[in-house]
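In what follows, a structure is listed as structure tokens, so that the remarks can point back to it.
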Amino acid sequence: MAVKGSKLRLGVNIDHIATLRQARREDFPDPVALAKEAIAGGADGIVCHLREDRRHINDADVKRLHRLRTRLDLEMAATPEMLRIALGLRPDMVTLVPEKRQEITTEGGLDVVRHYRRLKPFINKLKAAGITVSLFIDPEKEQVKTAALLQADFIELHTGKYARSAYVRGRPGPLKRELAKIKLATKQARAKDLRVNAGHGLDYRNVRAIARLAGVEELNIGFSIIARSVVVGLRQAVKEMRRAIG
């Protein structure tokens, strides 16, 4: 369930299309062409992460994606280089995420409490340029409180711990605890006029409980959809996720 009276949106992260391309340093598969397939399947927007090492999505991809007639959520680290790119491109949304060169995927939320002083002027510059700002954070009270102090427009709650808990058979406790944390963080955020998205590790088996949380506006999902598309094609994979979230 999204914010009352509105439809839960689905943002599709296409990073792993570029990961496949970069595995052989080819010019295919094309993330932009497949972003169009995702949109045709029911995606409400496209998400991509421009990493500092350009391991998958590159600058040219982002520029071409921005030309599509859809909402673009550009994930990035809070660095001077990324700020220059965002201010030059002006995507619909920038989601600030933590980034480590050695990680396979983003391992947790951005610690906005620890990095408050560095993030404040960064966020101010993005907002002054008319860019909507989201912070990818763990579902913790102090992180939510600080995101509000930073005057972010959105938070995206990291659902990774919940997603991993979903596969512990015979132990519903961890799953219920992580879901409760996300539910509480959503409630706290809405009380502070923060809008809420959620994502990371969500798939066709564990997404429904998150999709039913009141106050969540959008789910951002990548790997599970791209993996499913190997079997059924991307348009169909997105349609199936669209049905799963209701």
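Scanning segment 195-215 for residues that are closer than 18 Å to SER134 by Cα, in contact with an Asp or Glu (Cβ under 8 Å, 6 or more places away or on another chain) and not basic (Lys, Arg) yields VAL196, ASN197, ALA198, GLY199.
So, in segment 23-60, exactly how many residues are in a loop (DSSP other than H, G, I, E, B) and either under 15 Å from the mean Cα position of the chain (by Cα) or of a type in the set (A, V, I, L, M, F, W, C) (or both)?
Of the residues in segment 23-60, 6 are in a loop (DSSP other than H, G, I, E, B) and either under 15 Å from the mean Cα position of the chain (by Cα) or of a type in the set (A, V, I, L, M, F, W, C) (or both).
Okay, residues lined up against (1) within 16 Å of the chain's Cα centre (by Cα); (2) surrounded by fewer than 17 Cβ atoms within 10 Å (Cβ to Cβ):
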| site | (1), (2) |
| --- | --- |
| THR186 | yes, no |
| LYS192 | no, yes |
| ARG195 | yes, no |
| ALA198 | yes, no |
| GLY201 | yes, no |
| ILE210 | yes, no |
| ALA214 | no, yes |
| VAL238 | yes, no |
| ALA244 | no, no |
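Among the residues making up segment 66-85, those that are in contact with a helix residue (DSSP H, G or I) (Cβ under 8 Å, 6 or more places away or on another chain) and either hydroxyl-bearing (Ser, Thr, Tyr) or in contact (Cβ under 8 Å) with a residue 40 or more places away in the chain (or both) are THR70, ALA78, LEU83.
Across segment 5-24, a minimum of one residue is classified as closer than 20 Å to ARG208 by Cβ and surrounded by fewer than 15 Cβ atoms within 10 Å (Cβ to Cβ). Listed by first and then second residue, the pairs with beta-carbon distance under 6 Å, at least 6 apart or on different chains, first residue in segment 38-54 and closer than 21 Å to ILE245 by Cα, second of a type in the set (Gly, Ala, Ser) and at pLDDT 95 or above, are GLY45/GLY11; ILE46/ALA35; VAL47/GLY11. Output the qualifying pairs, or none if there are none: Cβ atoms under 8 angstrom, residues six or more apart or on different chains, first residue in segment 1-22 and within 16 Å of ALA198 (Cα to Cα) and part of a strand (DSSP E or B), second residue at pLDDT 95 or above and of a type in the set (Lys, Arg). Correct list of pairs: LEU10/ARG242; GLY11/ARG71. Report yes if some residue within segment 65-87 is over 18 Å from ALA152 (Cβ atoms) and small (Gly, Ala, Ser); otherwise report no. Among the residues of segment 65-87, not one is over 18 Å from ALA152 (Cβ atoms) and small (Gly, Ala, Ser), which makes the answer no. Close Cβ contacts (under 6 Å, 6 or more residues apart or on different chains) running from residues in segment 191-218 that are on the phi > 0 side of the Ramachandran plot and in a loop (DSSP other than H, G, I, E, B) to residues that are buried (at least 20 other Cβ atoms within 10 Å of the Cβ) and of a type in the set (A, V, I, L, M, F, W, C) comprise GLY201/ALA163; GLY215/VAL196. When the test is whether a residue is under 24 Å from VAL133 (Cβ atoms), among the aliphatic types (A, V, I, L, M) and surrounded by fewer than 16 Cβ atoms within 10 Å (Cβ to Cβ), LEU83 does not pass it. I need every pair where a residue in segment 132-144 that is in contact (Cβ under 8 Å) with a residue 60 or more places away in the chain has its Cβ under 7 Å from the Cβ of a residue that is assigned to a strand (DSSP E or B) and not β-branched (Val, Ile, Thr), sequence separation at least 6 or different chains. Short answer, once both residue conditions are applied: SER134/MET93; SER134/PHE154; SER134/GLU156; SER134/ASN197; PHE136/LEU96; PHE136/GLU156; PHE136/HIS158.
The values are calculated or read from the model by the stated rules, or taken from the named source; none is laboratory data. Just so we're clear, the structure is a prediction, and the values are computed from it rather than from any experiment. Methodologically, a virtual Cβ is constructed for each residue, glycine included, from the backbone with ideal geometry; neighbour enumeration extends over all protein chains shown.
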